[in-house]
Amino acid sequence: MTFSALDTPAPQCYIRRMSNGDLIAEIARLKKERNAIILAHSYQRPEIQDIADFVGDSLALARAAQSARCDVIVFCGVHFMAETACILNPTRTVLLPDADAACSLEASCPAQDLAAFLEREKEKNYFVVAYVNCSIGVKALADVIVTSGNAERIVSAAPADRPILFVPDQNLGAWTAAKTGRPMTLWNGACHVHQLFTRDTLLSMKEKYPNAKIVCHPECAEPIRLLADHICSTEKMIPYCREAEATQFIIVTETGILHRLRKLVPDKEFIPVQLGTCSCAECEFMKLNTLEKIRNCLRDMAPEVRVPEDLRLRAAAPLERMLELSK
Ligand code: 13P
Ligand code: SF4
């Protein structure tokens, strides 16, 4: 029996996917061609953090985006972060490798619901503090923006004669109210990843690692926060763990930060908080970005994040107020 060339199936090796090494080289070439930088949040995949020009928490990323002098910002994070970059640095092209990278916390506070609430409660004259994990529409309705890294400082500076409405994260809001002694009306929002942690799991981990310190993000609910030795933003976990006497830490937030902690504090041990049935906490939105999608977005200059100019101007004011107050 004979085979013609058409009968012969293509050997698998001809259709293999590019290796990470090939992708990284192509990204470097495209970055140069486009005069681009890559900003990455600490929850991004390790291989993305490793090729980023800058890795940080929401506050550090907002500052980096504002001062970026390149033509293109590839924002490896979720949509509201890329949108914040557009608001703060409108003359750059901002690319988000996966346009579906959303945020459950942002989704828990639609701008029209907040606008309707503020209209209903007009006589209260709320001072609106918005966690940066929200849409441009919500930012435009806020008096000031906060991140988990500066919420305490910014809320302490809020006018004493006005009641505070904190949106959208009730957990960060409650933690900030306790830290500052400023009572607040809290929006009923939360992050679905940080809501997954349970006291039982954390208590059994503490039993297994009795010398470990529990470090938790303020997006966690109060029963979890009460078990923590230290509560802080992802960025502040690094100096805390470096400077603490302890050598073992149970990290209660999205697992991406463990890559940074292990890289920057190599002599200590970091244990991700366990979940009931699955092994660790991953934000599926954060993990949508991949090296391949970064290559594609630089090649195609899409998906691009754009914002309407009138809304941008309204959202820029409370964001710039935040950056000014947290200098
Ligand atoms: P920070 O980066 O400010 O710690 O916030 C974490 C977060 O949930 C980002 O979505
Ligand atoms: Fe949003 Fe939670 Fe994911 Fe952070 S971890 S991006 S708050 S869904």
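Laboratory data are not the source of any read-out in this text; all were calculated from the coordinates shown. It should be emphasised that the depicted structure is a prediction, and the values quoted were computed from it without experimental measurement. When we count neighbours, we look across all protein chains shown, and the Cβ atoms used for this are built from the backbone with ideal geometry, even at glycine.
For the chain, what class follows from the C-alpha gyration tensor (a ≥ b ≥ c being the square roots of its eigenvalues): rounded when a/c is under 1.5, otherwise prolate if a/b is larger than b/c, else oblate?
Details: a/c = 1.99, a/b = 1.32, b/c = 1.51.
Since a/c reaches 1.5 but b/c is at least a/b, the shape of the chain is classed as oblate.
About the Cα centre of the chain, how large is the charge dipole given +1 on each Lys and Arg Cβ and -1 on each Asp and Glu Cβ? Please answer in debye to the nearest 20.
Details: 38 positive and 41 negative charges, 116 e Å.
Roughly 560 debye for the chain.
Along the Cα→Cβ direction, 7 angstrom out, place labels at Ala302 and Glu152. What is the inter-label distance in nm?
Once both label points are built, they end up 4.6 nm from each other.
Return one number: the angle in degrees, 0 to 90 and rounded to the nearest 10, between the long axis of the Cα atoms of helix 234-243 and the longest principal axis of the Cα atoms of the chain.
Taking Cα atoms only, the helix is inclined about 90 degrees.
Looking only at the chain, where both bridge partners belong to it, what percent of the DSSP beta bridges are antiparallel (to the nearest 5)?
Values: 2 of 34 bridges.
Antiparallel bridges: around 5 percent, rounded to the nearest 5.
Show the residues, 5+ positions off or on another chain, whose built amide H is closer than 5 Å to the amide H of Tyr131.
Correct list: Val146, Val167, Asp169.
What residues have an amide H closer than 5 Å to that of Cys280, excluding those fewer than 5 places away on the same chain, when H is modeled at 1.01 Å from N in the peptide plane?
For Cys280, the qualifying residues are Leu275.
So for each of 35-42, 132-139 I average, over its residues, the number of other beta carbons within 10 Å; can you give me the resulting order with the highest mean first?
Details: 35-42: 22.9, 132-139: 25.1.
Highest to lowest by the protection proxy: 132-139, 35-42.
To the nearest 500 deg cm²/dmol, what mean residue ellipticity at 222 nm is calculated for the chain from DSSP H runs of n ≥ 4 alone, each contributing -39,500 (n - 2.57), summed and divided by the residues?
The helix contribution divided over the chain gives -12000 deg cm²/dmol.
Take every Cα pair under 8 Å in the stretch 132-250 that's 6+ residues apart, average their separations, divide by the length, and report that relative contact order as a whole percent.
Numbers: 139 pairs, mean separation 25.8, N = 119.
Relative contact order comes out at 22 percent.
Could you tell me how many degrees, from 0 to 90 and to the nearest 10, lie between the Cα long axis of helix 170-180 and the main elongation axis, the longest principal axis, of the Cα atoms of the chain?
Roughly 50 degrees between the two axes.
Using a cut-off of 21 Å between alpha-carbon atoms, which lysines can reach Lys179, once sequence neighbours fewer than 8 places away in the same chain are excluded?
Candidates past the 8-residue exclusion: Lys213, Lys236, Lys327.
Tally Lys/Arg at +1 and Asp/Glu at -1 over every other residue whose Cβ is under 11 Å from the Cβ of Asp71; what's the total?
Spelling it out: positives minus negatives among the neighbours equals +3.
Residue by residue through the stretch 204-220, what is 3J(HN,Hα) from phi via Karplus (6.51 cos²θ - 1.76 cosθ + 1.60, θ = phi - 60°)? Round to whole Hz and write x for glycine and proline.
Here the 3J(HN,Hα) series is 6, 5, 5, 5, 6, 10, x, 8, 6, 8, 9, 10, 10, 7, x, 6, 6 Hz.
Lys213's amide H: which non-local residues (gap 5+, or another chain) put their own amide H closer than 5 Å, with H modeled 1.01 Å from N in plane and none for Pro or chain starts?
The answer is Gln248, Phe249, Ile250.
May I ask you to order 140-150, 245-255 by the average number of other C-beta atoms within 10 Å around their residues, highest value first? Intermediate values should be presented prior to the final figure.
Values: 140-150: 23.4, 245-255: 19.7.
Ranking, from highest mean packing down: 140-150, 245-255.
If you plug each phi of the stretch 19-30 into the Karplus form 6.51 cos²θ - 1.76 cosθ + 1.60 with θ = phi - 60°, what whole-Hz ³J(HN,Hα) values come out, in order, with x for Gly and Pro?
Going residue by residue, I get 6, 4, x, 5, 5, 4, 5, 5, 4, 4, 5, 5 Hz, with x marking Gly and Pro.
So how much slack lies between Ala160 and Asp53, counting 0.36 nm per residue of separation and subtracting their Cα-Cα distance, in nm?
Net length gain for the segment: 34.5 nm.
Considering only Val138, Ser19, Asn171, whose Cα is most displaced toward the positive end of the charge dipole of the chain, charges sitting on Cβ of Lys, Arg (+1) and Asp, Glu (-1)?
Of the listed residues, the answer is Ser19.
Counting only C-alpha contacts under 8 Å and six or more residues apart, can you give the relative contact order of the stretch 25-169 as a whole percent? If you can, show how the numbers build up before the last one.
Details: 223 pairs, mean separation 26.7, N = 145.
It rounds to 18 percent for the stretch 25-169.
Which lysines, on any chain, are close to Lys32 with Cα under 23 Å apart, when same-chain ones fewer than 8 places away are left out?
Lys293
I'd like to know which of Val265, Ala316, Leu291 lies farthest towards the positive end of the charge dipole of the stretch 227-327, counting +1 on Cβ of Lys and Arg and -1 on Cβ of Asp and Glu.
Value computed over the given set: Leu291.
Residue by residue through the stretch 103-120, which ³J(HN,Hα) values in whole Hz follow from phi under the Karplus form 6.51 cos²θ - 1.76 cosθ + 1.60 (θ = phi - 60°), with glycine and proline marked x?
Once rounded to whole Hz, the list reads 8, 5, 5, 4, 5, 7, 9, x, 4, 5, 5, 5, 4, 5, 4, 5, 5, 4.
Nearest 10 degrees is fine. How inclined is helix 58-67 to the longest principal axis of the chain, computing both from alpha carbons?
The answer is roughly 70 degrees.
Over the chain, what is the mean sequence separation of C-alpha contacts under 8 Å (at least six apart), divided by residue count, expressed as relative contact order in percent?
Contact order relative to length: 22 percent.
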